[in-house]
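Values in this text are rule-based calculations from the coordinates and carry no lab data. Worth saying up front: this structure is predicted, and the values here are computed from it rather than measured. Backbone-built Cβ (ideal geometry, glycine too); neighbour counts: all protein chains shown.
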Amino acid sequence: MKFKLRRYFLYYIGRAVAFVFTLIPLRVGLAIASGVGTLIFHGLPRYRNLTIDNLRYAFGSEKSDEELKGIAKRVFQNLGKNAVELVNLPKFNKARMDKFVRFRNRERLDKAYEKGKGIIVLTAHFGSWELMAAALRENGCPGVTIGRRIYFKKYDDFLNQLRRSRDVEVIYRDESPRKMLKTLKKNWIVGIVADQDVDSVDGVFVNFFGRPAYTPSGPVVLARASGAVLLPVFIIREGNWHTIAVEEPVELADTGNKEADLISNTQKWSGVVESYIRKYPDQWVWMHRRWKTKKQ
């Protein structure tokens, strides 16, 4: 009972704080959020240490301890900014979005639409990924995002309410794959954030920062089943701007060996994700245990 009451207490406190951040200018809110992120970095040693440990595990001797600590602090600052942008999504109409978010290689997205079989937008918990979904929708790209249910329904409902304010719909990953296939059949986008070690979904081991990492195989399986284009897309925070970078489609190998092809194709898109994290390490969520599942 105490745990349940604490959830409600934190929920309503969070809603009150979110409301305050919708009343102040966005740039002011982002500056405050950066400071709050710094405070959380210092105030939550468990998550701070996990973030630094994961950074050290990934980069090894490539970066000094001071560099890793600086990156880790900016990770928390970025998450604070993400939260402020998320609660302000209802205010991001097309005109405001165009002032705040720009595209790089948009023509690759347009070309993918020409195939007529839908687009699987493959991204990561990177940059302001919720803002990216809204920006794609505001720029005439209908579709859905694949998400997981949050353990506390009120949190889940609030998050989906913010998404729907910008016409972003969600299919839960425990729902029937037919919903995803129907979406792709309309030549719409299915957005997948597939960069975490989740033992409840099917996956394969691929190389990630030089180490075996259990990685969801769903994007490749869905692309194979639908004929959709598998397109890596990322949003990069650049000062007061965001850039949505559209990569070249992942060309899926088809050698006739399904198991080998699944691993090879998953490695291809995972390598693109790694390349962005290496370039912008402070924009990925490092407090997840990415290498928790061990290869037998």
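Give me, ordered by chain and number, the residues 5 or more places off Phe103 or on other chains with an amide H under 5 Å from its own placed amide H.
Ile244
When the Kirkwood radius is taken over all Cα pairs of region 17-71, what Stokes-Einstein diffusion coefficient follows at 20 °C and 1.002 mPa s, in µm²/s?
165
At 18 Å minimum axial length over the Cα atoms and a Kyte-Doolittle cut of -0.5, report the qualifying DSSP H helices in the chain, or say none.
Answer set is 2-23, 26-43, 65-87.
Filter the cross-link list Lys182/Lys279; Lys111/Lys185; Lys111/Lys186 down to pairs whose alpha-carbon distance in this structure exceeds 25 Å.
Lys182/Lys279
Where a Cα-Cα gap under 16 Å defines reach, which aspartates and glutamates qualify for Lys69, not counting those fewer than 8 residues away within the same chain?
Output for Lys69: Asp53, Asp282.
In Å, what Kirkwood hydrodynamic radius results for region 128-198 from the alpha-carbon pair distances?
Details: mean 1/r = 0.0785 Å⁻¹.
Answer for region 128-198: a Kirkwood hydrodynamic radius of 12.7 Å.
Using the Cα centre of region 242-296 as origin and beta-carbon charges of +1 (Lys, Arg) and -1 (Asp, Glu), tell me which of Tyr276, Thr243, His288 is placed farthest towards the positive end of the dipole.
His288
For the chain, with only Lys/Arg (+1) and Asp/Glu (-1) charged at the beta-carbon, what is the dipole magnitude about the Cα centre, in debye rounded to 20?
Taking the Cα centre of the chain as origin, the dipole is about 1020 debye.
With respect to the cross-link table entries Lys154/Lys292; Lys4/Lys154; Lys117/Lys179, which display a Cα-Cα separation exceeding 20 Å?
Over 20 Å apart, Cα to Cα: Lys154/Lys292.
Sort all Cα-Cα distances of region 109-148 into consecutive 5 angstrom bins from zero, then give the percent of pairs in each bin up to the one containing the longest distance.
For region 109-148, the binned pair fractions read 5, 18, 32, 26, 14, 4 percent.
How long, wide and thick is region 20-166, going by the Cα atoms along their three principal axes, in whole angstroms, largest first?
Projected onto its principal axes, the Cα set of region 20-166 covers 48, 38, 33 Å.
How about Lys268: which aspartates and glutamates have a C-alpha closer than 19 Å to its C-alpha, ignoring those fewer than 8 places off in the same chain?
Result set, ordered by chain and number: Asp195, Asp197, Asp202, Glu247, Glu248, Glu251, Asp254, Glu259.
Quick one: Kirkwood hydrodynamic radius for region 2-283, alpha-carbon pairs, angstrom, one decimal?
20.0
What relative contact order, as a whole-number percentage, does region 17-100 give when Cα pairs under 8 Å and 6 or more residues apart are counted?
47
Straight-line reach only, C-alpha to C-alpha below 21 angstrom: list the lysines that Lys91 could link to, leaving out same-chain residues fewer than 8 apart.
Lys81, Lys99
Taking every DSSP beta bridge that has both residues in region 2-283, what percent is antiparallel when rounded to the nearest 5?
Percentage antiparallel, nearest 5: 40.
Normalised by the number of residues in region 2-283, what is the relative contact order in percent for Cα pairs under 8 Å and 6+ residues apart?
Computed value for region 2-283: 21 percent relative contact order.
Please report how far the C-alpha centroid of region 255-269 lies from that of region 1-63, rounded to the nearest whole angstrom.
Their Cα centres are 37 Å away from one another.
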